[in-house]
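Let me begin by presenting the structure, written as C-alpha cells, before commenting on it.
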Amino acid sequence: MKIAVVTDNLELGEAGGVGSFVYELCHALALSGQRVLIIGIIGNQQSMQDPLIKKLVSSGVEAKCLCAKSRKDALIKLSHWISVLRHLLNEYAGREKIVCNVHLKLGVLVGALASVGNDNIAVVETYHSQYSHYKLQTFLLSPVIKKVVCCSESAYNEYVHRFGRNNVACSIPNGVDMNAVRQIAKRKKSQQVNRKILFYSVGRLTRQKNLTVSIEAFINSANPESKYYIIGEGEDKDKLLTSIGNNHDVELLGSMSRNDVLRQISNADMIVMPSLWEGLSIFQLEALALGCPMMLSDISAFRQIFHEEKLGDSELFRICQWGYLVQTNNVFAWEKAFKHFYSNYYIKEKMQDAVLDISKEYDISTTVSKYLNVFNDAIER
C-alpha cells in the first residue's frame, strides 16, 4: 500500500508529541512493508536534516518538504501550496489508490484540499487532541475526509460531541516502539546514581501543561531529599521561573533530544503531569515503556489510559496501582499527593510493575495493525 503522510512541519523533533508519533507511525508502516512518503508543509531543505527524518529515510521512507516559510506564509499563499501538494500527491499515486493520512490543522487543511478531484486518493485524518480543530474547517472538509482516527477515547468522545460524524470516526490509541524506548534509556541508566527522590515533567511550557500547580505543590511539600526536573521550552517559561523563585530543588532543564529525555526519565521515581487537557501523550507512553509511576491530573484522557473512574467530590487524590490520580488545578491536593509518596516510597516497585504491564496495550505494532485496517477501509469506500 502507498501511504502519503502530510503534517504541518517536517522537523518532527521540534513538533512535540505529535511529531514523535508521526515518526513512530511512519517507521512502523515502512517496517510492515508499506511504501511511505512523509510531506511537511512548513520548512526548508535544512528540515531534511532533522534527526527523525534522517532515521525515516534510512528505513526506506521518502521525505519531501513544500518549504512554506511559516504558518502565515502557508495560509496567505494557500492556493499555491495546495497546488504544489496536489501535483506531488497525483504523481505519487499514479494510477494506484493511495491513502493520504493528514495531521494537525495545516496538514489537514492543505492535505485534504490537495486531494480533491482525485478519486484514487483516500484521505484519513488523525485527530490528536480535542483542542486541535476549528469547527468550520472540519465542517467544510468533511466531504473529502473518508475516515477520522482519534488518538484516544477521550479525543473520540470530544470529536463526536463537537462534530458528529461517528460513522467515519474511530479511536486508535497512539503507540510507541516499547522495546526501542527501553534500549535507548538503558544505555545511560546504569551510569547514574542519585539518592534523592526524582520527579520529572516533560513537554512544552504552556498553559495546557499547568505546571505552576505542580511546582507550587512540590515546593509546599518541602522535602529536601527530593528534586523536581522540568524538561521543555515554551511561552510560560518566565511564569514558571517566577513560581520557582529561589528554590533550588526545582530546575528547568530546557529542551533536549528525545534520546536524552528518555535517558533522563529512566531514573525518575515519579512522572508528574498536571495537564488541563491531553490527547494521548507520546511522552506518557514512553514513560510507560520505562515503568515510571505517574502522578496525573484527573482528566478523561488519563483516566481512560489506566481505566480509572473520575475522582469523587471529596477525593483530593487517589492511590492507584500505577501511581496517583489528583484533583486537577488543586494545589493542596497535589501537595498531599507528594507528601503521601514521600511517606510511602516503598510502593514505588509495585507501581512500576503495574505500569510495565499496562504498557503492553500501547506498543506501536498494535497501533499500526489497526491503522492499516482503517486505511484499507478508506480505500474501499
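Filter segment 311-333 for residues that are of a type in the set (A, V, I, L, M, F, W, C) and either over 24 Å from Ser266 (Cβ atoms) or outside the structural domain of Asp269 (by TED's automatic domain parsing) (or both) and give the result.
Going residue by residue through segment 311-333, those that are of a type in the set (A, V, I, L, M, F, W, C) are 311, 316-317, 319-320, 322, 325-326, 331-333.
Listed by number, the residues that qualify are Leu311, Leu316, Phe317, Val331, Phe332, Ala333.
Residues that are of a type outside the set (S, T, N, Q) and closer than 30 Å to Gly16 by Cα within segment 92-106 comprise Tyr92, Ala93, Ile98, Val99, Cys100, Val102, His103, Leu104, Lys105, Leu106, listed in sequence order.
Charged (D, E, K, R) and surrounded by fewer than 17 Cβ atoms within 10 Å (Cβ to Cβ) - does that describe any residue in segment 276-291? No, the conditions are met nowhere in segment 276-291. So, in segment 149-168, exactly how many residues are in contact with a helix residue (DSSP H, G or I) (Cβ under 8 Å, 6 or more places away or on another chain) and at pLDDT below 95? Residues that pass the stated criteria total 11.
Are any of the residues in segment 304-312 within 30 Å of Glu24 (Cα to Cα) and buried (at least 19 other Cβ atoms within 10 Å of the Cβ)? Looking through segment 304-312, at least one residue is within 30 Å of Glu24 (Cα to Cα) and buried (at least 19 other Cβ atoms within 10 Å of the Cβ). Just to be sure before I move on: is Val144 closer than 22 Å to Glu380 by Cβ and buried (at least 23 other Cβ atoms within 10 Å of the Cβ) in the structure I sent? Spelling it out, it is not the case that Val144 is closer than 22 Å to Glu380 by Cβ and buried (at least 23 other Cβ atoms within 10 Å of the Cβ). Among the residues of segment 211-250 satisfying the criterion of being within 28 Å of the chain's Cα centre (by Cα) and free of Cβ contacts under 8 Å to residues at least 12 places away in the same chain, which is farthest from Trp334 (Cα to Cα)? Top of the filtered list is Asp238. Filtering segment 234-243 for residues that are in contact with a strand residue (DSSP E or B) (Cβ under 6 Å, 6 or more places away or on another chain) and at pLDDT 95 or above leaves an empty set.
Just a yes or no: is a residue in segment 324-340 buried (at least 19 other Cβ atoms within 10 Å of the Cβ) and touching a Lys or Arg at 6+ places or on another chain (Cβ under 6 Å)? So far as segment 324-340 goes, yes, one or more of its residues are buried (at least 19 other Cβ atoms within 10 Å of the Cβ) and touching a Lys or Arg at 6+ places or on another chain (Cβ under 6 Å).
The values are calculated or read from the model by the stated rules, or taken from the named source; none is laboratory data. The structure displayed is predicted, hence computed values, not measured ones. So basically every Cβ, Gly included, is an ideal-geometry build from the backbone, and we count neighbours across all protein chains shown.
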